[in-house]
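S.K.: The structure under discussion is supplied below as C-alpha cells; questions concerning it will follow.
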There are 2 protein chains.
Amino acid sequence: MENYQHVLLAIDFFEQSQLVIERAKHIATTYQSQLSLIHVVDNLPFADLVYAGFPPDNLELMTVLMDNAKTKLANLAKELNVMEQNSYLEIGSPKTEIVRIANTINADLIIVGSHGRHGLALLLGSTSNGVLHHANCDVLAVRLQDED
Amino acid sequence: MENYQHVLLAIDFFEQSQLVIERAKHIATTYQSQLSLIHVVDNLPFADLVYAGFPPDNLELMTVLMDNAKTKLANLAKELNVMEQNSYLEIGSPKTEIVRIANTINADLIIVGSHGRHGLALLLGSTSNGVLHHANCDVLAVRLQDED
C-alpha cells in the first residue's frame, strides 16, 4: 500500500485548529506527502444579511472577513511551507468546496477537524460528516474536544 | 505531536475490506502503533427474524453467523500479528460497539471503511458517520468505491 501522496488540510481557524494543523504536519512529514490547504468562508451569513434587509451590494463585512481569512491562510501556508498556489481560499459551503478542491488536486487524504455532539457541534459538526459522505478519497477526522 | 499509539481497526468483512486492512497495516507499521481489531455482528437481522415470527430461541442462524465471523476475525488477527485478547467480536450496533471498545482500550485512532452515497451506502453508510459522530478519538475513514 502506498503512502498518502497529497494531503489536503481543511482548516477553519476556530479554537483548537492548531491540533488539526499539527496532525497534518506530522502526517505529511511521516509520509513525505505534498500538503495543500483549504479554508472556506461559509457564505451562509451573507445570505442571512441579505435576507435581513441589508442591500446585497453591501459587502463591507464580507470584504473584512475575506481579508482576515486571507491573512490567516497565508501565515499558515508560510508556517507549513505550502506554496501560494497550493493554498485555497474559497467561498461557499465548506463540505462542497473541500470535496471539490480535493477532487481538483487529486488529494488522496483530506484532514479535517471534528467537533462532537455538544456545543459548537450543532453549528460545525456537519462539515466533517459532509466531507466524509461526499469525498472520493480517505478522510481523517481529527477529534476536537468540545467545551461543555 | 505524538504518533498514534493504539489503532483500532473496525472491519466488516464486506467486499473491499482488504483495502481498509492494508491501510491499517501500513499506518500501524509506519507509526509502530499497537493494533487491535473489532468486528461487530449487527443484531438487527435477528430482531427482524423475531419480528417476522421466528421464535426468539431459534438462534441457529445467529450461531452460524457468529462462528463464521469468529473464524474470519481469527484469520485476520493471525495475518496482522494481533493477539487474541486484542481482537474483539461483538454483537450489537456497529457504531456503538466500535466507540465503546475504542474507549475501553484507549485507542487514539479508529480506522473504518467508508461507503459512499450509492448502493451499499444506504445500508452501511451510517457506521462511519456514526463512529465519526460519537468517537472520542481521531477517525480515519478509508474510502471504498461503490458498485454503480
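The values are calculated or read from the model by the stated rules, or taken from the named source; none is laboratory data. Note that the coordinates shown come from a computational prediction; the quantities given were computed from them, not determined experimentally. Here the Cβ is made from the backbone with ideal geometry for all residues, glycine too, and neighbour counts use every protein chain on show. Surface areas here come from the heavy atoms of the whole protein model, side chains and all, with no ligands, DNA or RNA. Shrake-Rupley method; radii C 1.70, N 1.55, O 1.52, S 1.80 Å.
S.K.: List the residues, sorted by chain then number, that are 5 or more residues from A:GLY113 or on another chain and whose placed amide H is less than 5 Å from its amide H.
M.R.: HN-HN under 5 Å from A:GLY113: A:VAL142.
S.K.: Under 15 Å from the Cβ of A:ASN81, count the other residues' Cβ atoms, weight Lys and Arg +1, Asp and Glu -1, and hand me the total.
M.R.: On the way: positive: A:LYS25, A:LYS78; negative: A:GLU22, A:GLU79, A:GLU84.
For residues surrounding A:ASN81, the net value is -1.
S.K.: Any idea what the A:MET66 label distances to the other copies are, label 7 Å down the Cα→Cβ vector, nm, shortest first?
M.R.: List, nearest first: 6.1 nm.
S.K.: Ordered by residue, what ³J(HN,Hα) values in Hz, to whole numbers, does region A:8-20 give under the Karplus form 6.51 cos²θ - 1.76 cosθ + 1.60, where θ = phi - 60° and Gly and Pro are x?
M.R.: 9, 8, 9, 10, 10, 6, 7, 3, 6, 5, 4, 4, 5
S.K.: Right, another one. In whole Hz, what ³J(HN,Hα) sequence does region B:26-36 give by Karplus (6.51, -1.76, 1.60; θ = phi - 60°), x for Gly and Pro?
M.R.: With the stated coefficients, region B:26-36 comes to 4, 5, 5, 5, 4, 8, 6, 8, 5, 10, 10 Hz.
S.K.: Compute the label-point distances linking B:GLN85 to its equivalents in the other copies; points lie 7 Å from Cα along Cα→Cβ; give nm, one decimal, shortest first.
M.R.: Label point to label point, same position, other copies: 5.6 nm.
S.K.: Just which residues of region A:1-43 lose 10 Å² or more accessible area with every protein chain there, against their chain alone, with the probe set to 1.4 Å?
M.R.: Going by heavy-atom accessible area, the residues of region A:1-43 that drop by at least 10 Å² are A:MET1, A:GLU2, A:ASN3, A:TYR4, A:LEU19, A:GLU22, A:ARG23, A:HIS26, A:ILE27, A:THR30, A:TYR31.
S.K.: To the nearest hundred square angstrom, how large is the accessible surface buried between B and A, total for both chains, probe 1.4 angstrom? Mind dumping the intermediate values first?
M.R.: Details: alone 9190 and 9180 Å², together 15600 Å².
Answer for the B-A pair: about 2800 Å² buried.
S.K.: Residue by residue through region A:134-142, what is 3J(HN,Hα) from phi via Karplus (6.51 cos²θ - 1.76 cosθ + 1.60, θ = phi - 60°)? Round to whole Hz and write x for glycine and proline.
M.R.: Running phi through 6.51 cos²θ - 1.76 cosθ + 1.60 with θ = phi - 60° gives 9, 5, 9, 9, 5, 10, 9, 9, 8 Hz.
S.K.: Search the structure for amide H atoms under 5 Å from the amide H of B:SER87, placed 1.01 Å from N in the peptide plane, and list their residues when 5 or more places away or on another chain.
M.R.: B:LEU37
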